[in-house]
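Below you'll find the structure, written out as structure tokens, and then a few comments.
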Amino acid sequence: MAAPRSASSSAEAVYVTLRGRFADGDLAPGERLTEAALAQELGVSRTPVREALGRLLSDGLVVPAARGVVVATLSREEIEQIYELRAALEGLAAALTARRQAAGLMAPAEVRRIQEAADAVERAVADGDVKRSARANLAFHRAFGLAPVNPFLEDALHRVWDRIAVSTVSNLADAEWARTVLGQHRAICAAIVDGDADAARRAAEEHIRSAAEIYRAAH
């Protein structure tokens, strides 16, 4: 018989599950989350749910409401600010990844994972599946964003990705933008494969700035 899960490990599991939903864009701004409903859905007591929601409050992903919490809604100005930060962070991540490649520190399997992640976005876009495209898109950004193995950069990127996920889904609903994404992803991949840190930074920053323009035009 498996040992019973501790309260702390249950709270961590709930937190990870909910963070995953934010990252996938499955939680809409203003959506209400209650301890009772989440506890029943996830098969845990209210205590770990309460702890997980407290952490999400600290992350800024939810805000207090009359009953429970609701998914935080970002203002237009906040969206602009978060895209600006994302461009800087992902530009740095792409440059550091390319630098690792130039120094011979990237295993072929790591490089292949980044390229395969870009391929997965292309397949999802070709199939016209917006939600799968958004998940695959985030997986691509994670593939090169986490490659530098810098825990401080990783923490900052995770916070940005979770907050921006909803806008990513809405952007990829634009068929013309979805096709543009593919070319920009290929440019990031090519710069990383070539070990060109400056080109990788430029390509990643341009990609995020373009995404911000699409979101701005639609809202």
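The values are calculated or read from the model by the stated rules, or taken from the named source; none is laboratory data. Keep in mind that this is a model prediction, so the values were computed, not measured. Reconstructed Cβ throughout: ideal geometry from the backbone, glycine too, with neighbour counts over all protein chains shown.
Here are some notes:
- Residue under evaluation Arg132, criteria (1) in contact with a helix residue (DSSP H, G or I) (Cβ under 6 Å, 6 or more places away or on another chain); (2) closer than 22 Å to Asp26 by Cα; (3) surrounded by 18 or more Cβ atoms within 10 Å (Cβ to Cβ); (4) among the charged types (D, E, K, R), criterion not met: (3)
- Screening the stretch 100-219 for helices (runs of 4 or more DSSP H) wholly inside it with 1 or more residues that are farther than 24 Å from Glu78 by Cα and in contact with a Lys or Arg (Cβ under 9 Å, 6 or more places away or on another chain) returns the ranges 108-127, 130-145, 175-194, 197-218.
- Test for Arg142: is it among the basic types (Lys, Arg) and surrounded by 21 or more Cβ atoms within 10 Å (Cβ to Cβ): no
- Test for Gly68: is it without any contact (Cβ under 8 Å) to a residue 24 or more places away in the chain and either more than 30 Å from Val111 (Cα to Cα) or in contact with a His (Cβ under 9 Å, 6 or more places away or on another chain) (or both): no
- Single residue of the stretch 44-60 satisfying the filter (surrounded by fewer than 20 Cβ atoms within 10 Å (Cβ to Cβ) and of a type in the set (Gly, Ala, Ser)) that is modelled with the lowest pLDDT: Gly60
- The number of residues in the stretch 54-75 that are part of a helix (DSSP H, G or I) and within 19 Å of the chain's Cα centre (by Cα) comes to 5.
- As a summary of the residue check, Glu80 satisfies the conditions (1) in contact with a Lys or Arg (Cβ under 9 Å, 6 or more places away or on another chain); (2) part of a helix (DSSP H, G or I); (3) within 22 Å of Leu182 (Cβ to Cβ) except for the one numbered (3).
- Test: Gly20 is touching a Leu at 6+ places or on another chain (Cβ under 6 Å), closer than 28 Å to Ala134 by Cβ and surrounded by fewer than 18 Cβ atoms within 10 Å (Cβ to Cβ): no
- Which listed residue, of Val70, Val63, is of a type outside the set (Asp, Glu) and either surrounded by 14 or more Cβ atoms within 10 Å (Cβ to Cβ) or closer than 30 Å to Ala197 by Cα (or both): Val70
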